[in-house]
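J.: Questions regarding the structure given below will be posed in turn.
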Amino acid sequence: MTQYPDLQLYIGGAWKKAAEGQPVLNPADESVIGMVPIASRSDLDAALAAAADGFRTWSRTSPAKRAEVMLRAARLMRERVEEIAYAITLEHGKPIAQARLEVVRGCEFFEWDAAEGQRTYGRLIPSEPGIKYIVMHQPIGMVAAFSPWNFPLSQPARKIGGALATGCSIILKAAEETPAGAIHIARAFHDAGLPPGVLNLVFGVPSEISEYLIPKDQTRLIAFTGSTAVGKKLTEMAARHMKPVLMELGGHAPVIVCDDVEPVVTAITSAIRKARNSGQVCTSPTRFYVQKPLYDAFSKAFAEKARTVTVGNGLNSCTQMGPLANHRRIEALETLVADAKAKGARVLAGGERLGNRGYFFPLTVLADLPDDARAMREEPFGPLALINPVSSIDEAIEKANALPFGLAAYAFTHSARNADRLAEGIEAGNVSINTLEASVAETPFGGVKESGYGREGGMEGLSHYTIIKNVSHRMM
């Protein structure tokens, strides 16, 4: 029978209960479904010691054997997809179909990294006779990683996959609101035969854990996905101890709709994607800049589609969009909508909380927002779509680049000339044209400006988990 897992810490290859815990809520009905363990200082010390031992073992394990363990774990997760998806939906709220896709996506990250870890080639640099210059890529060491609540399995998978594929050990501080995804990853790797200490899983007060782990000598890399504000704090802390960082931070994705596309089809496609994960995605399409000839038709079709999206418990097969993660997200969206309305924006769909039990908020569409509306400057991180007209592609690019964020951006056009201008001109780490998919396992993912530093995924994604060593060898 499918059930929510027993939540424990995973340290040194063993499951461990904690003296303290905090409740995990089902956002669909606000009921308590579990107690997440809170790691103590002694738990963190045990994880550090275990990770040091695990690194000594794992870094000396051949890339091929590391890949075997990772692929076994991925197979186990694929076999357990229904159990894992149920737990994710219960704690996060997303529709069960989306939870299944998240499990598959996480497995794809592990499978890609397992293969790519066998291709972290060095090189021999040509030189004069009698001397060789050899470039080696070696695992950086123990990674302190922090994953967010919006994708309970695929976000931890990105960091665990990169670390393990390159021979690193890792201490993962997963999200307390949605711990089950990381629990299931640890179970799969345990069952796949991962040596003790290579993967360690803890939960607790984020600031306390980061302030304790980052300065430690064992910690050689900090990997974080979350808000720009927290990312800056962790980066500053890491800099004081000369630790490198991998930061995947916030976004506020623009979507440029050129006047050579079919507006209704494009609007419906956009609305469906906006509803994914209830808009709680750092790459969620949010700021729609539509060329004026299409503006009215696009806005109308988007709003009509938004009003048809079925919002409800993610375990119901008819649900197309689940609840928000917590009450804070409800309050944030209500504040942004109120501010926009006060500044003259039109509400085309949604705009108010649904019911008073469970964190439900409809797919909301606002039009004609001034640039100084808070929603235009602050990442909504929810089901809020903002639609404004533009006179030209150049104006759209200028508005798209006006914010300090640059994680993902999208555009729709049938013109090769337009596509080239958009790809060259938009300031973002990920630019997608005629698709709203920002990244897949084999492509690099990350931001520019205040959306972060470094890349996850693709051949570039493993580079941050390695050090580059040059060996100069003169023959005697």
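J.: In segment 455-476, whose amide N lies under 13 Å from the spot 7 Å out along Cα-to-Cβ of ILE131? List them in ranges.
T.: Only 471-476 pass the distance filter.
J.: For an R0 of 25 angstrom, estimate the FRET efficiency from the Cβ-Cβ distance between ARG328 and GLU236 and round to the nearest 0.05. Don't skip to the answer; put the middle values down first.
T.: Values: r = 24 Å, r/R0 = 0.98.
Computed FRET efficiency for ARG328 and GLU236: 0.55.
J.: Under a Cβ-Cβ cut-off of 9 Å, what is the net charge of the residues other than GLY406 that fall near it, where Lys and Arg count +1 and Asp and Glu count -1? Before the final figure, lay out each step's value.
T.: Numbers: positive: LYS449; negative: GLU427, GLU450.
Taking every other residue near GLY406 into account, the sum is -1.
J.: To continue, here is another question. Summing Lys, Arg as +1 and Asp, Glu as -1, what charge do residues with Cβ under 15 Å from the Cβ of LYS469 carry, LYS469 excluded?
T.: On the way: positive: ARG123, LYS132, ARG220; negative: none.
Spelling it out: positives minus negatives among the neighbours equals +3.
J.: Binning at 20 angstrom from zero up to the longest distance, how are the C-alpha pair distances of the chain distributed in percent?
T.: Percent of Cα pairs in each bin: 24, 54, 20, 2, 0.
J.: Please list, or write none, the lysines whose alpha carbon is within less than 24 Å of the alpha carbon of LYS65, excluding same-chain residues fewer than 8 places away.
T.: LYS159, LYS469
J.: From the backbone phi of segment 355-367, what are the Karplus-calculated ³J(HN,Hα) couplings (6.51 cos²θ - 1.76 cosθ + 1.60, θ = phi - 60°) in whole Hz, Gly and Pro given as x?
T.: Once θ is set to phi - 60°, the couplings for segment 355-367 become x, 10, 9, x, 9, 9, 9, x, 5, 10, 10, 10, 10 Hz.
J.: Quick check on packing: order 60-66, 155-161 by the mean number of other C-beta atoms within 10 Å, highest mean leading. Working shown, then result.
T.: Working: 60-66: 13.7, 155-161: 29.3.
Highest mean packing first, the order is 155-161, 60-66.
J.: If I take R0 = 56 Å and measure r between the Cβ atoms of ALA338 and SER472 in this structure, what FRET efficiency does the formula 1/(1 + (r/R0)^6) give, to the nearest 0.05?
T.: Numbers: r = 64 Å, r/R0 = 1.15.
According to the calculation, E is roughly 0.30.
J.: Still on this structure: Could you pull out which residues in segment 369-402 have an amide N less than 13 Å from a spot 7 Å beyond the Cα of SER227, following the Cα-Cβ vector?
T.: Counting backbone N atoms under 13 Å from the label point, the list is 378-381.
J.: Mind jotting down the distance between the C-alpha centroids of segment 4-67 and segment 152-193, whole Å?
T.: When both Cα centres are located, 9 Å separates them.
J.: Computed FRET efficiency, Cβ-Cβ of ASP372 and GLU442, R0 41 Å: what is it to the nearest 0.05? Could you put the intermediate results ahead of the total?
T.: Working: r = 40 Å, r/R0 = 0.98.
Between ASP372 and GLU442 the formula returns 0.55.
J.: Moving to a separate point now. Per residue of the chain, what 222 nm ellipticity follows from adding -39500 (n - 2.57) for every DSSP H run with n ≥ 4, rounded to the nearest 500?
T.: Values: 14 runs with 183 residues, N = 476.
My calculation for the chain gives -12000 deg cm²/dmol from helical runs alone.
J.: Based on the Cα coordinates of segment 256-412, what is the per residue volume of their convex hull in Å³?
T.: Values: hull volume 16.0 nm³, N = 157.
Hull volume over Cα atoms, normalised by residue count, gives 102 Å³.
J.: I'd like to compare 436-447, 377-388: which one has the highest average count of other Cβ atoms within 10 Å, and what's the full order after that?
T.: 377-388, 436-447
J.: Sort 227-238, 358-369 for me by packing, meaning the mean count of neighbouring Cβ atoms within 10 Å per residue, highest on top.
T.: Details: 227-238: 17.2, 358-369: 23.6.
Listed from highest to lowest mean packing, they are 358-369, 227-238.
J.: Any chance you could list the semi-axes, whole Å, largest first, of the equivalent ellipsoid that the Cα gyration tensor gives for segment 360-476, using √(5λ)? Display every interim value, and only then the final one.
T.: Details: eigenvalues 262, 64, 39 Å².
After scaling each eigenvalue by five and taking roots: 36, 18, 14 Å.
J.: Treat every Asp and Glu Cβ in segment 132-266 as -1 and every Lys and Arg Cβ as +1, leave all other atoms uncharged, and give the resulting dipole magnitude about the Cα centre to the nearest 20 debye. Write out the running numbers ahead of the final one.
T.: Details: 11 positive and 11 negative charges, 154 e Å.
About 740 debye.
J.: Count charges around ILE272 for me, please; just the other residues with Cβ under 14 Å from its Cβ, Lys/Arg as +1, Asp/Glu as -1. Could you put the intermediate results ahead of the total?
T.: On the way: positive: ARG273, LYS274, ARG276, LYS305, ARG307; negative: GLU304, GLU437.
Result for the local shell: +3.
J.: To the nearest µm²/s, what D does Stokes-Einstein give for segment 48-146 at 4 °C and 1.567 mPa s, using the Kirkwood radius over alpha carbon pairs as Rh?
T.: Details: Rh = 16.5 Å.
Result for D is 78 µm²/s.
J.: Next up: Using 0.36 nm per residue, how much length does the chain from MET459 to ASP420 gain when fully extended, once their Cα-Cα distance is taken away? Mind showing how you got there, number by number?
T.: Numbers: separation 39, 0.36 × 39 = 14.04 nm, distance 2.43 nm.
My answer for the length gained is 11.6 nm.
J.: Fewest first, what order do ASP53, ASP371, ASP45 take by the number of other Cβ atoms within 10 Å? Numbers along the way, then the final one.
T.: Details: ASP53 17, ASP371 11, ASP45 14.
Listed from fewest to most nearby Cβ atoms, that is ASP371, ASP45, ASP53.
J.: Continuing with this model, one more query. Taking Cα atoms, how many degrees apart are the long axis of helix 228-240 and the longest axis of the chain, rounded to 10 and kept between 0 and 90?
T.: 30
J.: While we're here: Taking all pairs of distinct Cα atoms, average 1/r, flip it, and tell me the Kirkwood hydrodynamic radius of segment 225-293 in Å to one decimal place. If you can, show how the numbers build up before the last one.
T.: Working: mean 1/r = 0.0690 Å⁻¹.
Roughly 14.5 Å, rounded to one decimal.
J.: Expressed in nm to one decimal, what extension gain is obtained for the pair GLN118 and ARG78 from 0.36 nm per residue of sequence separation less their Cα-Cα distance?
T.: On the way: separation 40, 0.36 × 40 = 14.40 nm, distance 2.23 nm.
Going from the current span to full extension adds 12.2 nm.
None of the figures in this text is laboratory data; all of them are computed from the coordinates on show. Worth saying up front: this structure is predicted, and the values here are computed from it rather than measured. Don't worry about glycine lacking a Cβ; one is built from the backbone with ideal geometry, like all the others, and counts go over all protein chains shown.
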